[in-house]
């Protein structure tokens, strides 16, 4: 995924955790508006979520943030 999508995912995870606590769950739809205005990005995140990591529909925001952060660190090397 590109950096802007990763940054958005981390930001949204942080917002959800701040509002609802460490145990809050979310789906990959949480990173998109209810409109299908960026289908390529939606499919990229869906592929990452479903095919690459085989995650359930709802996962803990903390887990998603950790996965994205660890991939971002690897990309920076």
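Every read-out reported here was derived from the displayed coordinates using simple, explicitly stated rules and does not represent laboratory data. Quick caveat, the model's predicted, so the values are computed rather than measured. In this analysis, Cβ positions are derived from the backbone assuming ideal geometry, glycine residues included, and neighbour counts consider all displayed protein chains.
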- Message: As an exercise, find the ratio Rg/Rh for the chain from alpha-carbon atoms, using the Kirkwood inverse-distance average for Rh.
- Response: 0.94
- Using a Gaussian network for the chain with springs between C-alpha atoms less than 10 Å apart, which of these wobbles most: 56, 38, 14? 38
- Query: What residue among 66, 33, 23 has the largest mean-square fluctuation in a Gaussian network model of the chain, using Cα springs under 10 Å?
  - Reply: 33
- Query: Please state the relative contact order of region 9-69 as a whole percent: Cα pairs under 8 Å, 6+ residues apart?
  - Reply: 55 percent
- Query: Each label point is 7 Å from the Cα along the Cα-to-Cβ direction; what then is the distance between the points at residue 35 and residue 3, in nm?
  - Reply: 2.8 nm
- Query: Per the helix-only calculation at 222 nm, which mean residue ellipticity applies to the chain, given -39500 (n - 2.57) for every DSSP H run of n ≥ 4 and division by its residues, nearest 500 deg cm²/dmol?
  - Reply: -17500 deg cm²/dmol
- Note on the structure: Taking 0.36 nm per residue of separation between residue 59 and residue 20 and subtracting their Cα-Cα distance, the length gained on full extension comes to 12.6 nm
